[in-house]
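Before any comments, here is the structure.
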Amino acid sequence: MPEKDIFILGIESSCDDTSAAVLKNSTILSNVIARQEIHEQYGGVVPELASRAHQQNIIPVVDAALKKAGISKEHLSAIAFTRGPGLLGSLIVGTSFAKAFAMSLNVPLLDVNHMIGHVLAHFIDDPEREKPTFPFLCLTVSGGHTQIVLVKAPLEMEVIGSTIDDAAGEAFDKAAKLLGFPYPGGPLIDKHAKNGDPKRFMFAKPAIKDYDFSFSGLKTSILYFLQKQQAVDDQFIQNNIEDLCASIQYTIISILLKKISKASKDLNINQIAIAGGVSANSGLREALVRQADQQGWKVFIPRFEYCTDNAAMIAITGKFLLEQNRFCDQCVSATARYLI
Ligand code: KG4
Ligand code: ZN
């Protein structure tokens, strides 16, 4: 008898994107994301506004994901949701919705760690992409985290390096703010860097031990540099925007690649994956492919839509949890600080 298809609804609401996805076995049928533009004017995510917007978005987003997948809620085998880490008020919306929906449908509930979700996005079926085999290293770079993760099995991971202050995405966003871009500035730096000279301006690179990172000094270094230049030319930023973006992006990428190279050498692992919002950065993607050629790495780069926050990665992680019968019960609560 053919095996029964498994349908998992994934729900993600850890920061400022409300997302719902439907997974059929390992294939994504829909991945709907509602972005919250309200934060742009404030230069960063305002937690209270984010949770209110999640409350407005969650039902229409889930409804759209089910419709796009062409299934009804009665087909669902389980519901997976982001339990943490993230903004508590935002997480509570997704968690409460998932609990109530699972109870009403009488299906199991799967609590997912958002950072594991970013890594496991590589296991979504994709005819154009190979999946990594174990063990591999994943550089997870987002707005809230920067980690080098040693992935031993789907649900067995060890964080071997992380940032001691700002995350890589935060470094992009803070630098972008200094250049006058709205939030989130990472994609705008990427866009303007395309025609700039990455070696025109030099910024300080920190000396941090082992596989850890630090990005707060970079922000200060950019701030002082801009203040000095603007004292003599108040149009300095406008006149040099492309070179500034390219140089900032180059510095962040160099810091990231140095550490992942060290981890790869020390652990003798040549399968390198990237994940998280910053893995959408075209400069990082290109630099990684170049480095792979030089160092004999096999690299794994997710589709753009699975780099930034999305529920597809939560649904695929739910599938691995389901296979191991790792369900959670209705007592589960959202957890802002949730370690891998
Ligand atoms: O993973 P993500 O969507 O949310 C978090 O979990 O934080 O990552 C968001 C971060 C933001 O800092 C954003 O500026 C950055 O990813 N980002 C980029 C690019 N696209 C998103 N940074 C640089 N270049 C990009 N193309
Ligand atoms: Zn994320």
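Scanning region 278-305 for residues that are not polar (S, T, N, Q) and not in a helix (DSSP H, G or I), we see that the one that is surrounded by the fewest Cβ atoms within 10 Å (Cβ to Cβ) is G296.
For region 24-43, the count of residues that are within 20 Å of the chain's Cα centre (by Cα), at positive phi and either within 16 Å of ligand 2 (Cβ to nearest atom) or not hydroxyl-bearing (S, T, Y) (or both) is nonzero.
Being in a loop (DSSP other than H, G, I, E, B) and touching an Asp or Glu at 6+ places or on another chain (Cβ under 9 Å) is the filter here; which residues of region 136-154 pass it? Passing the criteria: S142, G143, G144, P154. For region 90-118, taking the residues that are within 13 Å of ligand 1 (Cβ to nearest atom) and part of a helix (DSSP H, G or I), the one that is surrounded by the fewest Cβ atoms within 10 Å (Cβ to Cβ) is identified as I116.
Being touching a residue at least 24 places away in the same chain (Cβ under 8 Å), more than 16 Å from ligand 2 (Cβ to nearest atom) and in contact with a His (Cβ under 6 Å, 6 or more places away or on another chain) holds for only one residue in F327, F300, F320, and it is F300. Of everything in region 1-12 that is assigned to a loop (DSSP other than H, G, I, E, B) and either of a type in the set (A, V, I, L, M) or touching a helix residue (DSSP H, G or I) at 6+ places or on another chain (Cβ under 6 Å) (or both), the residue that is nearest to ligand 2 (Cβ to nearest atom) is I6.
Comparison of D243, D210 shows that the only residue that is in contact (Cβ under 8 Å) with a residue 12 or more places away in the chain, more than 16 Å from ligand 2 (Cβ to nearest atom), more than 22 Å from G283 (Cα to Cα) and not assigned by TED's automatic domain parsing to the domain that holds T317 is D210. Residues in region 13-50 that are part of a helix (DSSP H, G or I) and either of a type in the set (A, V, I, L, M) or farther than 24 Å from A171 by Cα (or both): I38, L49, A50. Restricting G196, G185, G161, G217 to those that are more than 11 Å from ligand 1 (Cβ to nearest atom), under 23 Å from the mean Cα position of the chain (by Cα) and buried (at least 19 other Cβ atoms within 10 Å of the Cβ) reduces the list to G161. For the structure I just gave you, tell me whether A336 is more than 21 Å from M115 (Cα to Cα) and not assigned by TED's automatic domain parsing to the domain that holds L109. Against the criterion (more than 21 Å from M115 (Cα to Cα) and not assigned by TED's automatic domain parsing to the domain that holds L109), A336 does not qualify. Consider region 309-324 and keep the residues that are outside any helix (DSSP H, G or I) and more than 19 Å from E128 (Cβ to Cβ). The one that is farthest from ligand 1 (Cβ to nearest atom) is Q324.
Assess whether A121 counts as being touching a strand residue (DSSP E or B) at 6+ places or on another chain (Cβ under 9 Å) and either modelled with pLDDT under 95 or not in a strand (DSSP E or B) (or both). Criteria met by A121.
The values are calculated or read from the model by the stated rules, or taken from the named source; none is laboratory data. Please read all numbers here as calculations on a predicted model, not as lab measurements. Methodologically, a virtual Cβ is constructed for each residue, glycine included, from the backbone with ideal geometry; neighbour enumeration extends over all protein chains shown.
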